[in-house]
Amino acid sequence: MEYSFYDFLKLIGSLGLFLYGMKIMSEGLQKMAGDRLRKILTAMTTNRITGVLTGVLITALIQSSSATTVMVVSFVNAGLLTLTESISVIMGANIGTTVTAWIISIFGFKVDMAALALPLLAIGIPLMFSGRSVRKSMGEFIFGFSFLFMGLSYLKGNAPDLGQNPDMLAFVQNYIDMGFGSILLFLLIGTILTMIVQASAATMAITLIMCANGWIDLELGAALVLGENIGTTITANLAALTGNSQARRAALAHLIFNIFGVIWVLLIFYPFIQAVSWGVDHFLSPNNPEVAISYKLSAFHSLFNICNVLLLIWGVKLIEKTACAIIRPKEEDEEYRLRYITGGMLSTAELSILQAREEINFYAERTRRMFGMVRDLLVIEKDDAFSKLFSRIEKYESISDNMELEIANYLNKVSEGRLSSESKLQIRAMLREVTEIESIGDSCYNLARTINRKRQNNVAFTEKQLEHIQIMMQLTDDALYQMTEVVKKEIRQLQNVSKSFNLENEINNYRNQLKTQNILDVNNHEYDYQMGVHYMDIITECEKLGDYVVNVVEASSDIKEKKA
């Protein structure tokens, strides 16, 4: 009996079914967990131990270390996790992903789950059409679970029988009798295969089937597992490509962690395998040879990752320094994490208010920097430079939203403590400041979008329009500068406050003047109506931004009065 191309296609199709089931099951679980996962991730990373436990828990729940690491990388990129916190969570994710291997070993080889797949589909599909999101997510999980084990069953059924294909057996034998060279070769194969498939669970399933069918022995299966641990890091590194330097470092730390683990295990490879094999034989005592080898591989996978974490959890700072040394920050990269507000509360509520005050000063300065980018965007000519700066403004807008939430949540926590009536009024005014500063960030993004729309329409402002826009933007920038001065001064200065109000009046008057002039210019055919719309959108948005600036100044002045 020859293994035909048609049989090979069936094998690939079975793998596709397995991967699809894994994806749907993981997504269903993530939807069911919802924001709870994110809250757990940000709340339970106060030290290395809780970080590792968080990684184990989340990965065991969503059945995907790739999903956990990608989530961690995105959190680092947004400034919600530090690099140190992210490394400990990634370590835990490596342990959590071993749960998948145990599920496949126990249910896939010991119990015929494929026989239950269709009845499970009968339960899952009606739930998928439910109006309630929780039931719908539960239905997706059951649907994915069924497809996963259906795919695993087809993988086992469509894997070539080496006993009936002696030529294939001879081909495999060429590469399994090279001693330690075979171990290194299969490690490389496991790495490449996981990089291609981008799912270590799928390559783990393939490895378990290859060992159970007698293709390869336990040692080569373990080598494939080591390779899978390196290959699975590619997903996080791909996700980090568009992130800032901290996000790329978090992904690199994952790779460093796994490579170091593989190196020390290779140094004691055969004794480690023998110890795992002895432990499974004595403590689990599986009767079926297929189940025995799958248990041994799963145990090897788990023990390797647990030992690696126990070794390296004390070297988190060293891993962080290595990642920072390899990936240097680019000029346009910035630290997006809050500078002054930390995870824990300070000893007194009054000191916590001071901490929040510093953070708001930094927040105000950042929004002014964002407006500076918008001014640069207006005059950029090259497409690549324009796209790069526009993406950076988009990122700043996202960071602005995150900062508003974090500062507001922090102030709400502070307000729950024992405070004087003056401090309570200060917090109320600070919350207003934060809201108005976030609105300034939104206005900056709206200006950038208007400039982008104008560029996509392939039209250019007239010299007179450009001159008017530059004057309006300069007035707005002056107002932003005065706002930052008012926000950071400890004592209210009437001079700065009055300057802010005078600038706001100037902006309003100039907007009214340009609005009237724009109607005349369109009627005189100096430029078309559409160009006038883009022009006035920018002028009007600058005026709105000026209003938000005055609101911040008023709120900040209230705080200074309370302190006085």
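Observations
- Residue within the stretch 28-37 that is modelled with pLDDT under 65, out of contact with any Pro (no Cβ under 6 Å at 6 or more places or on another chain) and not in a helix (DSSP H, G or I) present: yes
- Evaluating Glu2 against the criteria (1) open to solvent by 80 Å² or more (accessible area, probe 1.4 Å); (2) modelled with pLDDT under 65; (3) assigned to a helix (DSSP H, G or I) leaves one unmet condition, (3).
- Pairs meeting the criteria (first residue in the stretch 367-392 and surrounded by 12 or more Cβ atoms within 10 Å (Cβ to Cβ), second residue among the aliphatic types (A, V, I, L, M) and outside any helix (DSSP H, G or I), beta carbons under 6 Å, at least 6 apart or on different chains) are Phe386/Ile380.
- Qualifying residue in the stretch 435-446 (condition: open to solvent by less than 50 Å² (accessible area, probe 1.4 Å), over 31 Å from the mean Cα position of the chain (by Cα) and not hydrophobic (A, V, I, L, M, F, W, C)): no
- Members of the stretch 488-503 found to be part of a helix (DSSP H, G or I) and either modelled with pLDDT under 85 or open to solvent by 60 Å² or more (accessible area, probe 1.4 Å) (or both), listed by number: Lys488, Leu494, Gln495, Asn496, Val497, Ser498, Lys499, Phe501, Asn502
- Subset of the stretch 243-280 that is of a type in the set (A, V, I, L, M, F, W, C) and open to solvent by 50 Å² or more (accessible area, probe 1.4 Å) - its residue that is farthest from the chain's Cα centre (by Cα): Trp278
- If you go through the stretch 184-201 and pick out every residue that is modelled with pLDDT of 75 or more, β-branched (Val, Ile, Thr) and open to solvent by 60 Å² or more (accessible area, probe 1.4 Å), you end up with 2.
- Residue in the stretch 50-67 that is of a type in the set (A, V, I, L, M, F, W, C), more than 18 Å from the chain's Cα centre (by Cα), closer than 23 Å to Trp314 by Cβ and modelled with pLDDT of 80 or more present: yes
- Of all residue pairs spaced 6 or more apart or on separate chains, those with beta-carbon atoms under 8 Å, a first member in the stretch 300-320 that is farther than 23 Å from Ala275 by Cβ and a second member that is of a type in the set (Ser, Thr, Tyr) and assigned to a helix (DSSP H, G or I) are Val316/Thr84; Val316/Ser88; Lys317/Thr84; Glu320/Thr84.
The values are calculated or read from the model by the stated rules, or taken from the named source; none is laboratory data. Note that the structure is a prediction, hence the values are computed from the model and not measured. Glycine also receives a Cβ, built like all others from the backbone with ideal geometry; neighbour counts cover every protein chain displayed. Just so you know, the surface numbers come from the protein's heavy atoms only, side chains and all, with ligands and any DNA or RNA stripped out. Shrake-Rupley method; radii C 1.70, N 1.55, O 1.52, S 1.80 Å.
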